[in-house]
Amino acid sequence: MQASMKKERKEIGTTLFLLIFLLLAVSHIALVSEGIKKALYLCGNAIIPTLFPFLILTDLLLSSKSTRKLLDALGRPLSKIFHLSAAGGTVFLLGALFGFPMGAKAIARYYPEGRISKEEAERLLLFSGNASPFFLIGSVGTEMLSSSRMGVALYLLQLSVSVSCGILLGILAPRADFSDKELPYHEKKSSFPAAVRGAVKQSLFISGYILFFSAVLSMTLPYLPHPFLKTLFSSLLEIGNACALAANDKALALPFCAFGACFSGLSVYFQVLDCIEETDLDIKRYIPIKLLCGTAGFFLALLPFFR
């Protein structure tokens, strides 16, 4: 009875919040329209051009058994570092090389197949979701910050934070004996038309989040008094808009982009939720751990080594 009342109160609270949000959007329709237009420009000029061809190529590569075997071989040493099974190292590698939500997708596939345990899967969700090098070097570095070198620095910084997080979580994880036994693959065949179709869907998926959170930002940013708070709030929501806004502040551009990359925003959180929707995995530690990673990334980016 108490649980039912609690659920009902939560639903009422959610409904009231959405109604207030809807009224706010209607009363700020001009700002919302302007925010959507800016987001469309961002997607068309910085996001899609630097991601679309790589989405096609990675899909074709990952459909190859030889590619997956190579990734398994490269991921095996990582599995030892993170105290994971052999497949766990591959999951981290997929997330690090091909960007979010690839890590979560791999977890959602490997966990039901029995390649990784539930404890491993829930731990991997905390550090295997990373922005791809194509996005950080191409979209953020070259297009937004006008420096591919800064994009490379961002990618290496993000990777160092993720690896450190994985090692610490591995140390704190319950001890387990992992077998190196190889399990048969469920074949994932792809063709060029299928890869293009998938890239279009993924591009629209990413752009949809950017458009929505850009609309949210357009309504809320005018009420935030300081540029620092505006960029911080943007970074909490969605990395694309956050990096575009951070690029206007030369002193804090790299730290805020690092925070956005290491935290990855609520946008990626919802993408992860979508990927694991049909599993019984618990994600309650995700936001606190990712916030710590984002904070670490912010302060690391202030060091001369990453400048």
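The values are calculated or read from the model by the stated rules, or taken from the named source; none is laboratory data. Owing to the predicted nature of the structure, the values given are computational and were not obtained by experimental measurement. Don't worry about glycine lacking a Cβ; one is built from the backbone with ideal geometry, like all the others, and counts go over all protein chains shown. Quick note on the areas: whole protein, heavy atoms, side chains included, nothing else; ligands and nucleic acids left out. Shrake-Rupley method; radii C 1.70, N 1.55, O 1.52, S 1.80 Å.
For the chain, which longest stretch is free of loop sites, where a loop site is one of the GluC sites (Glu not before Pro) that DSSP puts outside H, G, I, E and B and that has at most 11 other Cβ atoms within 10 Å?
Here the longest run is 1-181.
Mind giving me the nanometre distance, one decimal, between the label points for Phe270 and Tyr223, set 7 Å out from Cα along Cα→Cβ?
The modelled label-to-label distance comes out at 1.8 nm.
Which whole-number percent is the relative contact order of region 66-129 (Cα, under 8 Å, 6+ apart)?
Once normalised by length, the contact order is 30 percent.
Where in the chain are the DSSP H helices whose alpha-carbon span along the long axis reaches 27 Å or more and whose Kyte-Doolittle mean is at least 0.0?
Helices passing the filter in the chain: 2-27, 148-172, 192-220.
Order the following by accessible area, largest value first: Thr58, Thr295. Probe radius 1.4 Å; ligands, DNA and RNA are ignored.
Final ranking, largest accessible area leading: Thr295, Thr58.
Share of Cα-Cα pairs in the chain beyond 30 Å, in percent?
35
Can you pull the three principal axis extents for the Cα set of region 52-127, in Å, largest first?
Computed over the Cα atoms, the extents are 34, 21, 21 Å.
Report the per residue volume, in Å³, of the convex hull enclosing the C-alpha atoms of region 25-178.
147
Could you tell me the relative contact order of region 1-153? Use alpha-carbon pairs under 8 Å, at least six residues apart, and round to a whole percent.
18
Nearest 500 deg cm²/dmol is fine: what mean residue ellipticity at 222 nm does the chain get from its DSSP H runs of n ≥ 4 alone, each adding -39,500 (n - 2.57), divided by its residue count? All intermediate terms of the calculation are to be shown ahead of the outcome.
On the way: 14 runs with 214 residues, N = 307.
That comes out to -23000 deg cm²/dmol.
Ignoring any ligand, DNA or RNA, what whole percent of the accessible area of region 1-116 comes from carbon and sulfur when the probe is 1.4 angstrom?
Within region 1-116, the accessible surface is 71 percent carbon and sulfur.
Using the per-residue mean of other Cβ atoms lying within 10 Å as a proxy for protection, in what order, highest first, do the peptides 196-203, 150-157 fall?
Ranking, from highest mean packing down: 150-157, 196-203.
Give the accessible surface of the chain per residue, rounded to a whole number of Å², with probe radius 1.4 Å and ligands, DNA and RNA excluded.
On the way: 15660 Å² over 307 residues.
On a per-residue basis, 51 Å².
Hey, any idea what % of region 202-286's accessible area is carbon plus sulfur with a 1.4 Å probe?
Solvent-exposed carbon and sulfur of region 202-286 make up 67 percent of the total.
Quote the accessible area belonging to Asp280 in square angstrom, nearest 10, computed with a 1.4 Å probe and with ligands, DNA and RNA left uncounted.
Near enough 90 Å² of accessible area.
Would you compute the Debye intensity of region 1-93 from its alpha-carbon atoms alone, equal scatterers and no solvent, and pass along log10 I(q)/I(0) at q = 0.10, 0.15, 0.18 Å⁻¹ to two decimals?
For the requested q values the scattering log ratios are -0.70, -0.81, -0.83.
Using just the alpha carbons, could you tell me how many Å³ per residue the convex hull of region 97-256 encloses?
Cα convex hull per residue, to the nearest whole number: 153 Å³.
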